[in-house]
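Working notes, beginning with the structure itself.
Please treat every number below as a calculation from the coordinates, not as lab data. All of these numbers come straight from a predicted model, not from anything done at the bench. For neighbour counting, all protein chains shown are included, and Cβ atoms are generated from backbone atoms with ideal geometry for every residue, glycine included.
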Amino acid sequence: MLLSKLKDNEKALFNGSFDRCMETCEADINFVSFFCSNLRSSDSKIAEIFDQFTINQRVHFLRHSIYLIIEFSEGRKTLDDLRLLANEYLDSAVQPYMLDLWLYNLIFAVAEFDREFDMDAKTVWLRVMSPGINALKLIVKQRKAKQSLLL
């Protein structure tokens with residue numbers, strides 16, 4: 001679902017929710033830190049991957065990935081841009097289910113930080129973020145298949 005294909009009221013709902021989560025520098029830092037902490041604690045394998053990086057690197061990666069996935073949904077970034085993200089940031093140990101946890105924990109963080117969060121906001125966040133997450137899962141699966149052929 002491209003963001004451009006959302007109805008105007010859905011775009012406004014998404015943008016408003018996003019802005020409430022990131023409305024100040026402090027809110028942005030708190031939001032991404034909360035997201036990072038919950039994602040890390042959601043799975044021991046994710047924690048192992050995260051522990052290879054400093055907190056600043058984790059926060060940078062998560063913030064960058066949120067923006068890139070939104071831009072992918074808007075049609076401003078391509079599958080090749082997501083491949084670059086995957087090559088730069090996604091450890092070879094990343095499994096597709098971890099990207100589902102990424103999305104779940106993002107929505108959890110939005111629910112925590114958007115004081116107007118409701119089921120409509122959840123739905124629009126999922127509609128915006130799911131195409132990028134699904135594309136990244138495909139990239140991870142392709143990378144795993146390629147690696148298994150090389151073994």
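Computed quantities for the displayed model
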{"item": "Region 8-150, Cα convex hull volume normalised per residue, Å³", "result": "105"}
{"item": "Pairwise Lys count, the chain - Cα closer than 25 Å, eight or more residues apart or different chains", "result": "19"}
{"item": "Restricting region 32-113 to trypsin sites (Lys or Arg not before Pro) in coil, as DSSP defines it, with at most 14 other Cβ within 10 Å", "result": "Arg76"}
{"item": "For region 1-82: relative contact order, % (alpha-carbon pairs under 8 angstrom, 6 or more apart)", "result": "38"}
{"item": "Restricting region 108-149 to trypsin sites (Lys or Arg not before Pro) in coil, as DSSP defines it, with at most 14 other Cβ within 10 Å", "result": "Arg115"}
{"item": "Full-extension gain in nm, Arg83 to Leu126, via 0.36 nm per residue minus C-alpha separation", "result": "13.4 nm"}
